Amino acid sequence: MIVRYEHWGAWVKLERTPALVALDRDGVRALGLDGGRAWDDVAPVRKSAPLEVHVAVTQRCAAGCEGCYLDATPDGAEPPRAQLERTLDDLARRGVFTVAFGGGEPTLRDDLGDLADYARARGLTPVVTTSGLGLGPAKLARLERFAQVNVSYDGPAEAYEAVRGFDGASAAERAIEALAARGVNVGVNVVLTRATFDRLHATLARARALGACEAQLLRYKPAGRAVSLDYRAKRLTLEQAKRLGPLLREIVGLRVRIDCALVPFLSADPDLAARPEDLAQWGIFGCEAGAALSATTVDGAPLPCSFARGLDAASFGAFVAHPPEPCASCTLRPVCRGGCKVVAQHLTGTFVPDPECPRVRGA
Amino acid sequence: MKKENVRVIRLGHGANCSSIGSVIDTLFVTAAVGGAIFAALCAAMQDEPVRVIEPEEEDEE
């Protein structure tokens, strides 16, 4: 296991049982370890490194998804391998645990497998997201070198097309099946929109039948090509947002993740809203931009998260520290952190309580 | 190792490239199942060889 001391204790990354555990100082001592220099001062002497960094390895992609957050195109920019290796060196030096390759379509890079090996050799855990389009034997072999591969899959046929504007469901399904058959840990990324929300059970049942072991549910976000009037027609309705908690309870047979931007919707669930300590203990947090999470663009520039371009860091920090009502009195405030700042900026031009949060919409 | 010494547990790798994800199933399991997960993680922490990493200083933003 890998231990990274923090002023409050340490992050412990287990290798055989994939998990990250944050221990306080007594917990670390119980393992026979001591934080030494990191524990010398009562107050933190340094900012913690992210746990996970998302690296855009290409802006090339032929899929043309209507809501692509990176605005990827077939002739998009692609960083040279040396630049990406420097980025990985830097992340390893900073003590980052996981690097998630994305794009664009990462499998368009012939050196993708080598980059995964490069990351592993530096103690980073490489994972990747793919559309699953055009995966032949050579690309599948490269993907075997990742700890986990997620395939973008918004549902069978019409559900997929409703999100992405073309029917790529069959290709995604073939990819899930082929990766699972090769023994790869394969998950699916499901974007929750007005069209996919009510079909989620069928989507997950299909993914599970194809061999997926995990589903990551994603909120539709106004970034890249999704910044359009169409955004308001595709985002979840208030009623759907309120039903997220009950919907999650009904899912069986597949490990499910929700993304940081969906956490504010849990405020509409009385049981979950009363259990912020449980959410924190199980690592269920809202906005982690610039904290546990960061990202790098195809140019190698750092971002707080893949969607957050041009956010003012000082205003961002001030909002998270002292959000106004209805966030200020919300039981989930310590974990939610005011909701998705990218959505708030898009809809209002500034940092305000997440305008799509059911609690905010009901205030 | 006591339960109160564990501040946060993040299960699995996750492989999304655009936003960070959290396993939600654990919120809905019984206390016994949650306890079993906790016990398995504690056992793994006692069992796996330790490698300490010492990050370089982060720039304040």
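We did not get these values from a lab; they are worked out from the coordinates using the rules stated. Keep in mind that this is a model prediction, so the values were computed, not measured. Here Cβ is always computed from backbone atoms with ideal geometry, including for glycine, and neighbour counts include all displayed protein chains.
Sorting B:Lys2, A:Lys139, A:Lys221, A:Lys47 by the number of Cβ atoms found within 10 Å of their own Cβ, with the fewest placed first, yields B:Lys2, A:Lys47, A:Lys139, A:Lys221. Simple spin-label estimate for A:Ala202 and A:Glu277 gives 4.3 nm between the two label positions (7 Å along the Cα-to-Cβ direction from each Cα). Considering helices alone, the calculated mean residue ellipticity of chain B at 222 nm is -9500 deg cm²/dmol, with DSSP H runs of length four and up weighted by -39500 (n - 2.57) and normalised per residue. All distinct Cα pairs of chain B go into the 1/r average, and the inverse of that average, the Kirkwood radius, is 14.7 Å.
Extension gain for the segment A:Ala157 to A:Ala328, taken as residue separation times 0.36 nm less the Cα-Cα distance, is 57.3 nm to one decimal. Nothing charged except the Cβ atoms of Lys and Arg (+1) and of Asp and Glu (-1): what's the magnitude of the dipole of chain B about its Cα centre? Round to the nearest 20 debye. About 680 debye.
Partner shielding of A:5-16 amounts to 3, given as the average count of beta-carbon atoms from other chains within 10 Å of each residue beta-carbon. In a reduced charge model with +1 at each Lys and Arg Cβ and -1 at each Asp and Glu Cβ, the protein assembly as shown shows a dipole moment near 700 debye about its Cα centre. Taking the charge dipole of segment B:11-61 about its Cα centre, with +1 at Lys and Arg Cβ atoms and -1 at Asp and Glu Cβ atoms, the residue from B:Val52, B:Ser19, B:Cys42 reaching farthest to the positive side is B:Cys42. Out of A:Asp41, A:Asp111, A:Asp269, any idea which swings most in a Gaussian network model of chain A, alpha carbons joined below 10 Å? Ranking A:Asp41, A:Asp111, A:Asp269 by mean-square fluctuation puts A:Asp41 first. Our analysis of chain A gives Rg over Rh at 0.95, with the two radii drawn from alpha carbon positions and Rh computed by the Kirkwood formula. Take A:242-248, B:9-15 and order them by the average number of nearby Cβ atoms within 10 Å per residue, most first; the result is B:9-15, A:242-248. Placing unit charges on each Cβ (+1 for Lys and Arg, -1 for Asp and Glu) gives the protein assembly as shown a dipole about its Cα centre, and among A:Cys65, A:Ala171, A:Trp11 the Cα reaching farthest toward its positive end belongs to A:Ala171. Counted residue by residue at 0.36 nm each, then reduced by the alpha carbon distance between them, the extension gain from A:Thr73 to A:Ala233 reaches 55.2 nm. When the C-alpha to C-alpha distance is required to be over 27 Å, the pairs from A:Lys13/B:Lys2; A:Lys139/A:Lys234; A:Lys13/A:Lys221 that qualify are A:Lys139/A:Lys234; A:Lys13/A:Lys221.
Taking the Cα centre of segment A:52-258 as origin and charging only Cβ (+1 Lys, Arg; -1 Asp, Glu), how large is the dipole, in debye to the nearest 20?
In total the dipole reaches around 640 debye.
Over segment A:52-258, one equal point on each Cα, no solvent: what is log10 I(q)/I(0) by the Debye formula at q = 0.10 Å⁻¹? For segment A:52-258 at q = 0.10 Å⁻¹, log10 I(q)/I(0) is -0.42. Listed from fewest to most Cβ neighbours within 10 Å, the set A:Tyr118, A:Tyr5 follows the order A:Tyr118, A:Tyr5. Please name which of A:Leu311, A:Ala273, A:Gly245 has its Cα lying farthest along the dipole of segment A:241-363 towards the positive end, using unit charges on Cβ (Lys, Arg +1; Asp, Glu -1) and the Cα centre as origin. Value computed over the given set: A:Gly245. Averaged over the residues of A:20-26, the number of partner chain Cβ atoms lying within 10 Å of the residue Cβ comes to 6.
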